[in-house]
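Step one of this worksheet: look at the structure below.
Just so it is clear, none of the values below were taken in a lab; they were calculated from the coordinates. Predicted model, so just to flag it, every value in this text is computed and none were measured. Every residue, glycine as well, gets a Cβ built from its backbone with ideal geometry; the counts of neighbours run over all protein chains shown.
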Amino acid sequence: MTDAEGTATVQQQIEASGQAQVTQVAGDYEEHHHQYVRGWQYLRSAGVDDGELDLAEHAFVDPPGPQGSDPVAQAVSMLSRPYGKSHVLVLCGQAGTGRRTAALHALRKAGVPRKQINWLILDWDQPRTEQIPHTEERAFVLDLTDYRDLPEDFYTGLADYQKQAQAAEVVLVILADPNGWNPKALATVPTVHLAHPSAEQVAEAHLRHLAAGRVDWLAHDPLNDLLAPAAPASDGARLARLITEAKDDGKSAVGQQFTDWQEHLETWFEQHSAPEDLQERALLIAAALLDGAPAAVVLGAADQLFTEVGGELPRGGALSGRDLDKRLKAIDASPTDDEGISLEQKQRGLSGAALKYVWRQRPQLRPVLLEWASQISAPNKIAVRHLQRIADCMVQLALLPGGSTVLSVARRWIETDRVAHRQLAIHILETMALHPVAGVAVRKQLYDWAQQKTTGEHLIAAVAEVCAGELGQRYPRVALTRLRLLASRDDDQARGAVADAVRTLVSTPEQRVLVLSEIVEWAESTISTVRKAGASTFLALTDITSDILLPLPADQESAGEGVGASGVLAGRLFVRGWRAALQEPTAAQAAYRHLAAWLDSPKLQDEQVLLLAAQVLRGSVGQEGPSGLLVGSPDSSDLGRARRAQLLAQLISEAASPAGHGALARSSGDGATVTA
């Protein structure tokens with residue numbers, strides 16, 4: 001599996017495509033549910049940050065292409081010409097050519113209003129044109145630059161999408177890498193090849209927009225030779241941002257920060273290389289890892305690191321050694337207003353740079369650093385409240401040479417099931433899975449672990465926990481794919497972990513229908529392992545004793561008149577799920593037990609449970625399972641017995657009266673189909 005995501009800063013204003021509608025069709029719903037084209041299958045979108053749009057509009061550099069033409073000006077013409085306008089356009093360029101900025105610039109110059117431009121969130125297993133939205137009068141940017149081998153059906157599907165886009169006045173701009181975009185004869189899509197802009201020109205253009213009075217900083221020492229001729233455009237943008245945010249006398253600091261404080265750190269470590277300086281080195285590393293944390297936390301963590309490398313703390317404890325002010329001066333740190341310690345307050349970027357410097361220069365220290373970070377962040381330990389900060393730092397180290405150690409160590413911590421390590425390891429996995437650079441590879445790793453038969457119980461639980469967290473909120477389909485693989489295992493090791501994960505995911509109202517629909521599709525699969533996984537997972541959601549999900553809440557998902565579209569869909573999905581579970585031999589008994597619990601439960605209204613049970617059992621009253629359910633047991637509640645009598649009378653009436661069956665079908669919305 002491959003998945004990807006955009007890397008630019010976006011405003012998290014997630015919205016659905018708004019294309020789903022409910023249409024009544026003739027006949028029984030069970031015969032027509034395959035006609036679903038689900039609105040929630042479309043990729044979600046996010047609005048573009050205003051600051052990014054400002055730069056794209058007012059500080060864009062469009063270098064001439066190989067034939068001397070302006071590529072992005074050509075793209076603007078294709079998107080805005082009155083005749084033969086392109087509704088799908090590919091911007092093809094190597095990394096560093098500013099593909100995302102070029103897309104925004106072209107759309108704005110073509111007259112697309114800001115509020116109509118959206119990034120697409122790539123929550124999919126592989127690119128599928130069927131999942132690209134075509135909401136009227138919108139412009140979408142689809143970033144496929146991380147894909148090196150697009151499937152053929154994606155190219156062929158673009159022909160249909162182009163027709164839909166034209167009809168709805170939609171614009172789709174695809175960002176691609178030249179090595180990954182190869183439609184051959186499968187698709188005819190206008191393609192513009194971007195040229196590599198000068199990083200120096202990008203920096204100058206950005207500064208003219210952001211801080212015009214500081215453009216001359218680029219021409220003077222120490223900033224005049226920072227941008228190499230072949231530097232990517234992003235370096236120019238970063239330098240301009242640093243200059244804009246700097247103090248009036250901050251040229252030197254900008255140069256240090258741009259070069260990751262390399263010269264500063266080399267000098268500092270050279271000056272602090274004596275044995276008596278080891279405690280200050282430990283303090284620098286602790287302050288870098290825990291920047292902004294209380295002084296007592298940073299000092300305690302530094303002492304623990306010092307002892308981890310064989311140092312012996314002096315007698316006298318907190319009374320020994322130099323005063324805090326002198327120690328902070330030695331590492332170029334500052335006290336904060338709330339008695340914290342910060343390297344960033346005076347020298348932005350120094351904390352991350354210090355960790356990277358130690359990681360690169362002291363490879364033999366890497367396992368010690370990871371073990372120390374885990375120990376101080378363990379439950380009830382000194383830095384437990386700074387777990388996310390530590391996980392973020394570990395992710396930055398994972399991007400460096402030798403960074404694979406971080407992921408392998410996190411796995412080892414999980415598999416040994418040491419409480420001191422597990423919490424940090426899961427935080428690291430979750431943070432890495434959402435990272436704009438490392439995320440693709442880590443999500444792939446989670447997929448592989450979920451699929452491998454040799455994956456142990458502790459790692460299974462960790463993968464499920466990651467999928468239930470922020471990953472599942474941001475990329476629910478990605479998370480559900482991994483949970484499906486876990487649920488399809490031959491053993492039962494993953495059953496409880498998967499059940500807990502899907503209950504957590506489905507508790508978010510905005511994605512309840514999406515989660516239910518995916519699980520019901522598993523349960524209806526023609527593949528036996530997937531079908532079993534779907535049935536067991538669906539039953540986990542129908543557990544009436546669960547506090548996370550009460551099926552069909554009365555406020556929005558009752559079957560009564562006037563219910564919202566999402567509630568109606570959820571109700572139909574429950575019907576499909578029950579039917580699939582009852583037809584799966586390995587789950588049928590449990591399914592009848594759960595349905596019996598629904599009938600007995602006062603948590604559900606009569607209208608809800610009776611309507612749903614009637615739809616589930618229709619046409620099977622004389623069979624053994626339904627008959628046993630309707631008869632009940634000595635443990636059935638009085639409420640359950642009354643409901644069973646009413647349900648039986650209703651089913652018998654339907655069987656005897658075709659007209660009655662049709663009336664019930666109309667009142668319950670049976671046979672409805674979602675179309676787009």
Item to check | Whether the chain is rounded, prolate or oblate, judged on the alpha carbon gyration tensor where a/c under 1.5 counts as rounded | outcome: oblate
Checklist entry - Using 1/(1 + (r/R0)^6) with R0 = 56 angstrom and r between the beta carbons of residue 470 and residue 656, what's the FRET efficiency to the nearest 0.05? => result 0.55
Checklist entry - So how do 467, 92 line up by other beta-carbon neighbours within 10 Å, fewest first? => result 92, 467
Item to check | Listed residue (131, 69, 307) projecting farthest to the positive dipole end of the chain, Cβ model | outcome: 131
Item to check | Sum of side-chain charges, residue 388 neighbourhood, beta-carbon under 13 Å (Lys, Arg +1; Asp, Glu -1) | outcome: -2
Checklist outcome for this item: To the nearest 20 debye, segment 178-297 has a Cα-centred charge dipole, built from +1 on Lys and Arg Cβ and -1 on Asp and Glu Cβ, of 840 debye
Checklist outcome for this item: For the chain, the charge dipole (Cβ of Lys, Arg +1; Cβ of Asp, Glu -1; about the Cα centre) points to a positive end, and the Cα of 649, 195, 242 closest to that extreme belongs to 649
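Out of the DSSP beta bridges found with both residues in the chain, what percent are antiparallel (nearest 5)?
40 percent
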Checklist outcome for this item: In vacuo Debye sum over C-alpha of segment 283-328, base-10 log of normalised intensity I(q)/I(0) at q = 0.15, 0.18, 0.26, 0.32 Å⁻¹, listed in q order, is -0.37, -0.53, -1.07, -1.31
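For residue 114 and residue 381, what does the FRET efficiency come to when R0 = 45 Å and r is the distance between their Cβ atoms, rounded to the nearest 0.05?
Calculated transfer efficiency: 0.40.
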Checklist entry - Counting other C-beta atoms within 10 Å, which of 156, 267, 526, 481 has the fewest, and how do the rest follow? => result 526, 267, 156, 481
Item to check | Gyration tensor (alpha-carbon) shape descriptor, segment 199-259, a/c threshold 1.5 | outcome: oblate
Checklist outcome for this item: To the nearest 20 debye, the chain has a Cα-centred charge dipole, built from +1 on Lys and Arg Cβ and -1 on Asp and Glu Cβ, of 700 debye
Checklist entry - What aspartates and glutamates could a cross-link reach from residue 453, if we take a straight Cα to Cα line under 16 Å and drop same-chain neighbours fewer than 8 places away? => result 415, 490, 491, 492
Next on the checklist: Compute the angle between helix 233-245 and the longest alpha-carbon principal axis of the chain, please, reported from 0 to 90 degrees and rounded to the nearest 10.
Outcome noted: 70 degrees
Next on the checklist: As an exercise, use a Förster radius of 45 Å and the Cβ-Cβ distance of residue 263 and residue 586 to find the FRET efficiency, rounded to the nearest 0.05.
Outcome noted: 0.10
Checklist entry - How far is helix 199-210 tilted, in degrees, relative to the longest principal axis of the Cα atoms in the chain, given as a value from 0 to 90 rounded to the nearest 10? => result 80 degrees
Checklist entry - Under a plain spin-label model, where a point goes 7 Å from the Cα along Cα-to-Cβ, how far apart in nm are residue 252 and residue 444? => result 4.5 nm
Checklist entry - Mind checking the dipole of segment 21-193: about its Cα centre, +1 per Lys or Arg Cβ, -1 per Asp or Glu Cβ, Debye to the nearest 20? => result 600 debye
Checklist outcome for this item: Of the residues 319, 616, 43, the Cα lying farthest along the dipole of the chain towards its positive end, which is defined by charges on the beta carbon of Lys, Arg, Asp and Glu, belongs to 616
Checklist entry - If you stretched the chain out fully between residue 332 and residue 642, how much longer would it get, using 0.36 nm times the residue separation minus the C-alpha to C-alpha distance? => result 104.0 nm
Next on the checklist: Using the basic label-point model (7 angstrom from Cα toward the beta carbon), what is the residue 166 to residue 606 distance in nanometres?
Outcome noted: 5.8 nm
Next on the checklist: Run the numbers for residue 83 and residue 313: contour at 0.36 nm per residue of separation, minus the present Cα-Cα distance, in nm.
Outcome noted: 74.9 nm
Checklist entry - Rounded, prolate or oblate: which fits segment 275-403, taking a ≥ b ≥ c as square roots of the Cα gyration tensor eigenvalues, rounded meaning a/c under 1.5, else prolate when a/b beats b/c? => result rounded
Checklist outcome for this item: PRE zone check, label point 7 Å out along Cα-to-Cβ of residue 364, amide N under 14 Å, scope segment 290-310, hits 309-310
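For 357, 592, what's the fewest-to-most ordering of other Cβ within 10 Å of each Cβ?
Working: 357 22, 592 18.
Listing 357, 592 from fewest to most nearby Cβ atoms yields 592, 357.
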Next on the checklist: Need one number: % antiparallel among DSSP beta bridges in segment 21-193, to the nearest 5.
Outcome noted: 15 percent
Checklist entry - Å³ per residue of the Cα convex hull, for segment 149-246? => result 137 Å³
Checklist entry - Given labels modelled 7 Å from the Cα in the Cβ direction, how far is it in nm from residue 136 to residue 412? => result 6.0 nm
